[in-house]
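Heads up: the structure comes next, in structure tokens.
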Amino acid sequence: MKTELRELNTDDEEAFIVGLKEWIDESPHWYSFAWKDGMTFKEMLEILSNERLGKDLAPGRVPHTMLYGFLDGVIIGRVSVRHTLNESLRLRGGHIGYAIAPRFRRMGYAKEMVAQALVYCKTIGVKDVMVTCGDTNVPSWKIIEHFSGKLQDRIWDEEDQETIRRYWINLT
Ligand SMILES: CC(C)(COP(=O)(O)OP(=O)(O)OC[C@H]1O[C@@H](n2cnc3c(N)ncnc32)[C@H](O)[C@@H]1OP(=O)(O)O)[C@@H](O)C(=O)NCCC(=O)NCCS
């Protein structure tokens, strides 16, 4: 395994800022939900820590851990792990969401990172992992099926106006 998936720490500021630039042509949400222009890295780490601990959660949010994938010190993507599901995540989102920076795609890194995220899920007691993806998002459902995800159903997502697939990966 070439990538290391882990939480950010105070030594990662430079890598985080460099990694953000990889997303200039795509939605920065794929990289970070917490980062806002003008905040300090330390402030963001505090938000991430609170979210992991379930402290001061915004309405509709559940405790979650943001794990970043490092390749030789460079952040190439992330996996967000939701510790529990709410109504909205059961519809779309599930327990884990992942993204790889464009220039690092199609090299097997998402699979590597999801493998590590599933180990993390087990450590926090999530044994049945729900994962959702757009019906046409071929790499995403290939990853889920690689980890023996069982398709629950395909449903129409009014908000995003697309059909999505809902899968479960059993870790026991
Ligand atoms: C989905 C995403 C994370 C995949 O990352 P990746 O590192 O390129 O994926 P991998 O290299 O591990 O490839 C996984 C599988 O998808 C296949 N694949 C990758 N890109 C593909 C593409 N554009 N078209 C078809 N298959 C593709 C790979 O060949 C591999 O298949 P295999 O298991 O048969 O070998 C990445 O495309 C991404 O970040 N997309 C934007 C965010 C997103 O859609 N996230 C998922 C939300 S549900």
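In region 89-123, which residue that is surrounded by fewer than 15 Cβ atoms within 10 Å (Cβ to Cβ) and of a type in the set (A, V, I, L, M) is farthest from THR65 (Cα to Cα)?
By that ranking, first place goes to MET107.
Restricting attention to region 16-33, which residues are surrounded by 16 or more Cβ atoms within 10 Å (Cβ to Cβ) and under 14 Å from the mean Cα position of the chain (by Cα)? Working first, answer last.
As a first pass, look at region 16-33 and keep what is surrounded by 16 or more Cβ atoms within 10 Å (Cβ to Cβ): 16, 19, 22-23, 30-33.
Across region 16-33, the qualifying residues are TRP30, TYR31, SER32, PHE33.
Going by the structure shown, is LEU67 in contact with a helix residue (DSSP H, G or I) (Cβ under 8 Å, 6 or more places away or on another chain) and either within 11 Å of the ligand (Cβ to nearest atom) or outside any loop (DSSP other than H, G, I, E, B) (or both)?
Values: in contact with a helix residue (DSSP H, G or I) (Cβ under 8 Å, 6 or more places away or on another chain): yes; either within 11 Å of the ligand (Cβ to nearest atom) or outside any loop (DSSP other than H, G, I, E, B) (or both): yes.
Answer is yes for this residue.
Please specify each residue of region 117-142 satisfying the condition of being part of a helix (DSSP H, G or I), farther than 19 Å from PRO63 by Cα and more than 6 Å from the ligand (Cβ to nearest atom). Can you show your working first?
Of region 117-142, the ones part of a helix (DSSP H, G or I) are 117-123, 138-142.
Of the ones still in play, those that are also farther than 19 Å from PRO63 by Cα are 138-142.
Correct list: TRP141 only.
Each row is one residue, and each column tells you yes or no for (1) in contact with a Leu (Cβ under 7 Å, 6 or more places away or on another chain); (2) at pLDDT 95 or above; (3) surrounded by fewer than 12 Cβ atoms within 10 Å (Cβ to Cβ); (4) not charged (D, E, K, R).
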{"site": "MET130", "(1), (2), (3), (4)": "yes, yes, no, yes"}
{"site": "ASP135", "(1), (2), (3), (4)": "no, yes, no, no"}
{"site": "SER140", "(1), (2), (3), (4)": "no, yes, no, yes"}
{"site": "PHE147", "(1), (2), (3), (4)": "yes, yes, no, yes"}
{"site": "ARG154", "(1), (2), (3), (4)": "no, yes, yes, no"}
{"site": "ARG166", "(1), (2), (3), (4)": "no, yes, no, no"}
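Check whether at least one residue in region 92-106 is on the phi > 0 side of the Ramachandran plot, free of Cβ contacts under 8 Å to residues at least 40 places away in the same chain, within 10 Å of the ligand (Cβ to nearest atom) and touching a Pro at 6+ places or on another chain (Cβ under 9 Å), and report yes or no. Outline the logic, then answer.
Step one: list which residues in region 92-106 are on the phi > 0 side of the Ramachandran plot, which gives 93-94, 106.
Filter again for free of Cβ contacts under 8 Å to residues at least 40 places away in the same chain, leaving 93, 106.
Now restrict to residues that are within 10 Å of the ligand (Cβ to nearest atom): 93, 106.
Subsequent filtering for residues that are touching a Pro at 6+ places or on another chain (Cβ under 9 Å) retains 106.
Yes, region 92-106 contains at least one residue that is on the phi > 0 side of the Ramachandran plot, free of Cβ contacts under 8 Å to residues at least 40 places away in the same chain, within 10 Å of the ligand (Cβ to nearest atom) and touching a Pro at 6+ places or on another chain (Cβ under 9 Å).
Of (1) in contact with a His (Cβ under 9 Å, 6 or more places away or on another chain); (2) over 22 Å from GLU14 (Cβ atoms), LEU118 satisfies all except one. Which?
Failing condition for LEU118: (1).
Could you grab me the full set of residues in region 34-72 that are surrounded by fewer than 11 Cβ atoms within 10 Å (Cβ to Cβ) and of a type in the set (S, T, N, Q)? Outline the logic, then answer.
Quick first cut of region 34-72, residues surrounded by fewer than 11 Cβ atoms within 10 Å (Cβ to Cβ) only: 37-38, 40, 42, 56, 58-60, 72.
Passing the criteria: only THR40.
Output yes when any residue across region 76-88 is assigned to a helix (DSSP H, G or I) and crowded, with 19+ Cβ neighbours inside 10 Å, and no when none is.
Here is the first cut: in region 76-88, the residues assigned to a helix (DSSP H, G or I) are 87-88.
Right, trim to crowded, with 19+ Cβ neighbours inside 10 Å and you get none.
Scanning region 76-88, I find no residue that is assigned to a helix (DSSP H, G or I) and crowded, with 19+ Cβ neighbours inside 10 Å, so the answer is no.
The values are calculated or read from the model by the stated rules, or taken from the named source; none is laboratory data. Because the structure is a prediction, the values reported are computed rather than measured. Don't worry about glycine lacking a Cβ; one is built from the backbone with ideal geometry, like all the others, and counts go over all protein chains shown.
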